[in-house]
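In what follows, a single structure is set out as structure tokens and then discussed.
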Amino acid sequence: MADSTRPDGRPLESELFPSAGAHRWVSGGTSAVHTHDEGHLVYAARGVISVHTDHGTSIVPANRVAWTPAHATHHHRAHGETDMRIVFLTAGLARRIPDRPAVFLASGLAREVLLALTSRQLDTGARRRLEHVLVGELHEAAEQPLQLPEPRDDRLRTIAKLLHENPADNTPLAELGRAAGAGARTLSRLLRDELGMTFYEWRTQLRIYHALVLLAAGHDTTYVAHACGWANPSGFIAAFAAIVGTTPGRHRAEQS
């Protein structure tokens, strides 16, 4: 992460350990596009990290851990004042984790191990034992993706751009399709074939992505609900909890 910089170009505050590191970023801090010879795990002890790869964007709040395999092209972006922890894994340990980008639910034990590996000097034996514990926890954990897949079709990209610019847009798919030059049936098929989602599921994922960014910036639940297209906070809270696994209020408390 030596190539990472603040938005104004100044170096980030970093602390490095064997096979691990802690990087504290200002909101909006973004790493350069890069690769690593070893796969790595990313955890946000504070704030929210988005991990951008060729597979799409993975969102990493405090109850998730993101995995990026060796040699995968990627970059990170911080949302809110962010304390990002990163742990590199040897090829032997990485074999127990998928060979593609993935996001896992972080157990309490996994989080404590991640913090231990990225907050103090450890002798080689202790570090190896903790790495095995961590990989064992993730091997048993269900994948809990908070992923916003990137469409390849230009028509879907046009609609994605419109919704990113205004996540509160409730325009039906058929009407959005006029701007993209395709009908609702064609777009629904493309969404299913490319992303494995319905339009409703995709737009909800996109809105939750923006909600996490806005919450990290300090906005309250009511503001975020309306900004992301929900008519009332209760509907937003239900959708957020279904995808993230906790309420917006609890999520904000975990980031503080």
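What follows is calculated from the coordinates using simple rules that are stated; it is not laboratory data. These numbers come from a predicted model, not from an experiment. All Cβ positions, even for glycine, are placed from backbone atoms using ideal geometry, and neighbour counts span all protein chains on display.
Overview of results
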item	result
Region 151-255 - Kirkwood radius from inverse mean 1/r over Cα pairs (Å)	14.3
Mean separation of Cα contacts under 8 Å, 6 or more apart, over the residue count of region 13-147: relative contact order %	29
Kirkwood Rh (inverse of mean 1/r, distinct Cα pairs), region 89-226, angstrom	18.1
Debye-sum result for region 163-204 in log10 I(q)/I(0), which assumes one identical scatterer on each alpha carbon, at q = 0.14, 0.20 Å⁻¹	-0.29, -0.60
Relative contact order (%) - criterion: Cα under 8 Å, at least six apart; region: region 151-255	24
Per residue, the convex hull volume that the Cα atoms of the chain enclose (Å³)	123
Exposed-site-free run, longest, the chain (rule: trypsin sites (Lys or Arg not before Pro); DSSP loop; at most 16 other C-beta within 10 Å)	153-256
